[in-house]
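Right, one structure below, let's go through it.
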Amino acid sequence: SQAAATRTVSSSSAKPGDLFFYSNGSRVNHVAMYIGSGMVIHASNPSDGIKISNAFYRQPVKVGRVMN
């Protein structure tokens, strides 16, 4: 539902604060926040915790913007 509430933007026009959505094939199962310079911040897993990764560490299925 979070992905549906955002306006789709291209990954090349992503701005800090935009959301990158990732899928397990059938549905969105992970979201990360774009922080600029091709990087996102996200809750990786219980052992790694919060981390900063390349926005394309997985193939995003949508890049969404909540605010202009």
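The values are calculated or read from the model by the stated rules, or taken from the named source; none is laboratory data. Everything numeric in this text was worked out from a predicted model, so none of it was measured. A quick note on method: Cβ atoms are made from the backbone with ideal geometry, for glycine too, and the neighbour counts reach across all protein chains shown. Side chains included, ligands, DNA and RNA excluded: accessible areas come from the protein's heavy atoms. Shrake-Rupley method; radii C 1.70, N 1.55, O 1.52, S 1.80 Å.
Loop-located chymotrypsin sites (Phe, Trp or Tyr not before Pro) across the stretch 27-68 with a Cβ neighbour count of 10 or fewer within 10 Å are lacking, with loop assigned by DSSP.
3J(HN,Hα) couplings calculated from phi for the stretch 51-65 with the Karplus curve 6.51 cos²θ - 1.76 cosθ + 1.60 (θ = phi - 60°) are, in sequence order, 9, 9, 9, 4, 4, 10, 4, 9, 7, x, 9, 7, 10, x, 10 Hz; Gly and Pro show x. Among the protein heavy atoms of the chain, carbon and sulfur supply 54% of the accessible surface, probe 1.4 Å, non-protein parts ignored. Picking from Tyr34, Val9, Phe21, whose Cα lies most toward the positive end of the charge dipole for the chain (charges on Cβ: Lys, Arg +1; Asp, Glu -1)? Ranked along the dipole, the leading option is Val9.
Considering only beta bridges that DSSP places wholly inside the chain, some 100 percent are antiparallel.
Each residue of the stretch 15-21 was assigned a 3J(HN,Hα) from its phi angle through the Karplus expression (A = 6.51, B = -1.76, C = 1.60, θ = phi - 60°), giving 10, x, x, 5, 10, 9, 10 Hz with x at Gly and Pro. Derived scalar couplings between HN and Hα for the stretch 30-39 equal 7, 9, 9, 9, 6, 10, x, 6, x, 10 Hz in order, rounded to whole Hz, by the Karplus curve 6.51 cos²θ - 1.76 cosθ + 1.60 (θ = phi - 60°), x for Gly and Pro. Note on the chain: Cα-Cα pairs beyond 14 Å make up 53% of the total pair count. With all protein chains kept in place, the per residue accessible area of the chain amounts to 64 square angstrom at a probe of 1.4 angstrom.
Contact order, relative form, for the chain: 39 percent (alpha carbon pairs under 8 Å, 6 or more residues apart, mean separation divided by residue count).
Among Ala55, Ala43, Ala32, the largest mean-square fluctuation in a Gaussian network model of the chain (Cα springs under 10 Å) belongs to Ala43. For the options Gly17, Gly38, Gly25, a Gaussian network treatment of the chain with springs between C-alpha atoms closer than 10 Å singles out Gly25 as fluctuating the most. Dipole magnitude for the chain: about 160 debye, using +1 per Lys or Arg Cβ and -1 per Asp or Glu Cβ, origin at the Cα centre.
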